[in-house]
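Below is one structure, written out as structure tokens, with a few remarks after it.
A short reminder: the numbers here are calculations on the coordinates, not readings from a lab. Computed from a predicted model, the values in this text were never measured in an experiment. All Cβ positions, glycine included, derive from the backbone under ideal geometry; neighbour counts span all protein chains shown.
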């Protein structure tokens, strides 16, 4: 009785399941492609079943929405992303790559699509920026804690992990720190050296602004730039009265003077004095310009060296004394070039001027004036004798060292009998034995020597020597 009831119930279920799943017990039916729509895996969504749908692997789990007993078309396979939330997994039953729902499409899950696939991604911000909280390519968090961040670039900075990525924050001011070559304290994320200029007020310091600039309120010696107005006031009313404000000297308003009573004078503030009415005098030489008719006679009120009382300077092309004439009364002279600086000028090179001319002298007569050492010893003042000639710029050889136009020989006497000269009690007869040689040429020279023998003076010739003729 029980088995009959079960069989009858199953028959009723199979007979009345027009909208449900029909299962038959026949072998797997062949599936036929009808050319209709396909899903994301390329499977035809409308299958023709030759018989009632069974549970065999061939048919698969098909929601038969409209199957009749006579073998009508099956309904479409269900879409795994229809009405599914974005990011839902849609590859659980089909296998293959990691797939997620994006809209109503089942697509491959990739880093950078803006959807976090929890199976392979920690985050996904859909950009390619690094250190912004989510790293590109890997879709991993930039950091989970401060230890994941790079080391800080200084001892006054600490690494910090935030949802937006890694950053460096300043360590509390006043903390001890170290930098290459010194130890110090942190100030605004920077390690500053201990002492004046470290930005921290230490014992004995009135202030410390972290620099060595004077006048900014705290000077380089860590004292205030000023504390009273008197420290700032320079005593000059013309530039205003300075005052101290917040330990910084502040300039005052310049003193403004009233208008002058006439066109020849001006009202001005005299430094460290007061307003005064003074004659118009731009160059301060005490003379008003002659451009103001009836006011003054200064012909150049922009040059303090030019005024009616200035001396006339020769050859400067300026009317120094405002007489209307340039170089009046100045004495002209001839100035000769003195290239060798021996004090004698070349008479062939002359400049007429009433003022000294650089490189020129008033004394003339140099017969060899050139930029050379030998030229410096050739001049009219030369008294020395020389055994060799000089060669001038023209290639001419000469012994005229004193520039008198002739050659003077130092030794010109001829040898004679060595004997005592009457009245002089000396031995004479020195001279050339073979005639007087030319300048710079050697010859035999006789020297006579004498001595006293009792009451007689004996004079005799010494051995003959060789001598070179000297000239000038």
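Return 147, 268 ranked ascending by Cβ neighbour count within 10 Å, so the fewest neighbours appear first.
With the fewest neighbours first, 147, 268 line up as 147, 268.
Efficiency by 1/(1 + (r/R0)^6): what FRET value for residue 264 and residue 309, r their Cβ-Cβ distance, R0 = 25 Å, to the nearest 0.05?
The computed FRET efficiency comes out at 0.85.
Under the Kirkwood approximation for Rh and a Cα-based Rg, what ratio Rg/Rh is obtained for the stretch 304-366?
1.13
Sort 439, 418 so that the residue with the fewest other Cβ atoms within 10 Å of its own Cβ comes first and the one with the most comes last.
If I rank by nearby Cβ atoms, fewest first, I get 418, 439.
How many nm separate the modelled label positions at residue 272 and residue 248, each set 7 Å beyond the Cα in the direction of the Cβ?
Placing both labels 7 Å beyond Cα along the Cβ direction yields 2.9 nm.
Can you figure out the FRET efficiency of residue 389 with residue 442, using R₀ = 22 Å and their beta-carbon distance, to the nearest 0.05?
Approximately 0.90, to the nearest 0.05.
Please order 305, 417 by the number of other Cβ within 10 Å, starting at the fewest.
By the 10 Å Cβ count, ascending, the order reads 417, 305.
Starting with the highest mean, order 210-216, 256-262, 345-351 by the number of other Cβ atoms within 10 Å, averaged over the residues of each peptide.
345-351, 210-216, 256-262
Using 1/(1 + (r/R0)^6) with R0 = 56 angstrom and r between the beta carbons of residue 466 and residue 323, what's the FRET efficiency to the nearest 0.05?
0.20
Per residue, how big is the convex hull around the C-alpha atoms of the stretch 331-408? Give it to me in cubic angstrom, could you?
Looking at the stretch 331-408, the number lands at 87 Å³ per residue.
Run the numbers for residue 211 and residue 170: contour at 0.36 nm per residue of separation, minus the present Cα-Cα distance, in nm.
Contour length minus Cα-Cα distance gives 12.8 nm.
By per-residue mean of other Cβ atoms within 10 Å, what is the highest-first order of 403-411, 232-240, 361-369?
361-369, 232-240, 403-411
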